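Worksheet: one structure, shown below.
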Amino acid sequence: MTDDGSIAAKRLRAFIERIERLEEEKAALAADIREVYAEAKGDGFDAKTMRQIVKLRKLDSADRAEQEALLDLYKAALGLGG
């Protein structure tokens, strides 16, 4: 008969090892992304602005419009123009 504790431990270990592999892949992808931003910067593009554009493109149009409206409202309240 199989020990349920042993099975659970093996299953837990498998999950942890998968997570560790994915974390390694995530770190490699993050390094690749940094390289692309550095390359773009070398071509004269502003990486900070590019990051903002990437963030905005992830939003649907309604969320993007809401964020832009709030930003304009806050800027106007602080006298920053807009």
Task: Kirkwood hydrodynamic radius over Cα pairs of the chain, then Stokes diffusion coefficient at 4 °C and 1.567 mPa s, in µm²/s - done: 75 µm²/s
Open item on the list: I'd like the Karplus ³J(HN,Hα) series for the stretch 35-43: coefficients 6.51, -1.76, 1.60, θ = phi - 60°, whole numbers in Hz, and an x wherever there's a Gly or Pro.
Closed with: 5, 5, 4, 5, 5, 5, 4, x, 8
TODO: Report ³J(HN,Hα) in whole Hz for each residue of the stretch 51-56, in order, from the Karplus equation J = 6.51 cos²θ - 1.76 cosθ + 1.60 where θ = phi - 60°; Gly and Pro get x.
DONE: 5, 5, 5, 4, 4, 5
TODO: Assign unit charges at the C-beta atoms only (+1 for Lys and Arg, -1 for Asp and Glu), then state the dipole size of the chain relative to its Cα centre in Debye, rounded to the nearest 20.
DONE: 100 debye
Task: Integer Hz, Karplus 6.51/-1.76/1.60 couplings in order for the stretch 18-23, x for Gly and Pro - done: 5, 4, 4, 5, 5, 4
Task: Cut-off 15 Å between beta-carbons: net charge of the residues surrounding Ala28, Lys and Arg +1, Asp and Glu -1 - done: -3
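Values quoted throughout were computed directly from the atomic coordinates according to the rules given, and no laboratory measurement underlies them. What you are looking at is a predicted structure, and each value in this text was computed from that prediction instead of being measured. Quick reminder, even Gly has a Cβ in these numbers, built from the backbone with ideal geometry, and neighbours come from all protein chains shown.
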